[in-house]
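Below: the structure, in structure tokens.
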């Protein structure tokens with residue numbers, strides 16, 4: 001049994017701020033869009049903690065409840081039910097105290113992996129959102145995510161905190177090698193977990209990591225690291241890439257946002273979003289881009305950078321973005337919804353920019369006769385041809401490449 005970090009909830013750390021803001025800022029447009037479906041929303045915080053840190057800052061439960069309450073109050077669509085559930089093995093009593101001002105919520109004492117199936121029973125035709133921010137990696141059973149994707153929900157979305165370096169550390173331990181960041185002796189001091197996973201070199205541990213990863217592809221990555229063919233940062237990148245590809249077997253759209261703590265520093269965590277709905281993917285891509293800009297401000301103390309960077313610390317090259325947009329959209333030789341094409345772009349190329357930047361390129365391609373565009377409504381209120389290049393609020397766009 002691993003030792004719990006009793007100081008975990010004393011103070012909210014900067015990377016926790018970014019994780020929760022990624023959640024909160026996504027929930028605002030997500031809930032507004034979900035209300036339009038007129039289907040119930042089932043929101044589950046699978047590792048809810050106390051709901052509030054000891055320094056008074058809100059945890060994810062309070063952030064989510066506040067946003068959902070605001071969305072319900074401001075929406076013109078009435079009568080849509082939101083069912084919120086908060087699971088925690090150790091802090092159910094704290095949750096009851098900290099969430100007492102919010103009626104009609106479920107607080108569940110127990111382990112996520114033991115409670116989630118029962119909680120989602122009879123939720124067919126509902127919209128389901130799961131926030132999965134585990135205390136360690138052991139609860140991340142990929143086969144369980146497959147079950148979610150194949151459930152008969154109206155929609156299902158996951159936002160997962162994946163401690164990729166924690167996985168690599170345990171993978172090395174299982175294969176008889178100590179994982180060490182040669183250029184950063186304090187690396188794991190900042191990689192804080194409430195209940196760190198500790199495995200040993202046994203067949204049982206190999207099986208455990210296979211369940212987490214959804215396969216044994218991680219072994220070759222660890223072997224390459226052990227043999228000196230790749231360094232620890234490259235191992236983390238390969239693992240995250242292949243993990244997203246594995247989730248992509250059951251979720252059509254999978255994005256990830258690396259969480260870093262200092263400027264120029266390598267990734268500490270990965271926030272991974274999985275959905276089968278293009279609208280959710282585009283919303284999250286724009287949200288990731290905005291949160292990355294916030295993280296840069298936190299890292300630099302608000303100082304401006306000479307260059308724009310992607311979430312992967314790559315310099316943004318507008319010419320390259322234009323080339324990739326043309327390459328991607330040239331595959332759509334039949335009418336396709338704009339958000340479907342945008343979601344596919346972000347999955348293939350990563351969150352290299354906001355959707356609005358892609359829209360600028362598309363408008364130029366439309367003007368040059370390279371892209372056909374159908375808009376609904378076709379005309380503005382003044383009877384002029386519509387020019388919008390974004391879906392939502394009663395507007396739809398379809399595109400087709402001109403050969």
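Just to be sure, is residue 403 touching a residue at least 40 places away in the same chain (Cβ under 8 Å) and surrounded by fewer than 16 Cβ atoms within 10 Å (Cβ to Cβ)?
The answer is yes for residue 403.
Could you check region 25-52 and list, in sequence order, the residues that are crowded, with 18+ Cβ neighbours inside 10 Å and outside any helix (DSSP H, G or I)?
Of everything in region 25-52, those that are crowded, with 18+ Cβ neighbours inside 10 Å and outside any helix (DSSP H, G or I) turn out to be 41, 42, 43, 44, 45, 46, 47, 48, 49, 50, 51, 52.
In contact with a helix residue (DSSP H, G or I) (Cβ under 8 Å, 6 or more places away or on another chain), modelled with pLDDT of 95 or more and surrounded by fewer than 18 Cβ atoms within 10 Å (Cβ to Cβ): is that true of residue 216 in this structure?
yes
With respect to residue 22, determine if the residue is at pLDDT 90 or above, surrounded by 18 or more Cβ atoms within 10 Å (Cβ to Cβ) and closer than 20 Å to residue 157 by Cα.
no
With (1) farther than 21 Å from residue 145 by Cα; (2) in the same structural domain as residue 267 (by TED's automatic domain parsing); (3) surrounded by 18 or more Cβ atoms within 10 Å (Cβ to Cβ) as the list, and residue 9 as the residue in question, which single condition is left unmet?
Single failed check for residue 9: (2).
Quick one: which helices (runs of 4 or more DSSP H) lie wholly within region 309-396 and hold at least 1 residues that are more than 26 Å from residue 30 (Cβ to Cβ)?
318-329, 355-367
Can you run down the residue pairs with Cβ atoms below 6 Å, 6 or more apart or on separate chains, where the first is in region 9-35 and farther than 16 Å from residue 132 by Cα and the partner is at pLDDT 90 or above and assigned to a helix (DSSP H, G or I)?
Pairs found: 28/67; 29/283; 31/68; 31/71; 32/71.
The values are calculated or read from the model by the stated rules, or taken from the named source; none is laboratory data. Everything numeric here is computed off the predicted structure, so don't read it as measured data. Backbone-built Cβ (ideal geometry, glycine too); neighbour counts: all protein chains shown.
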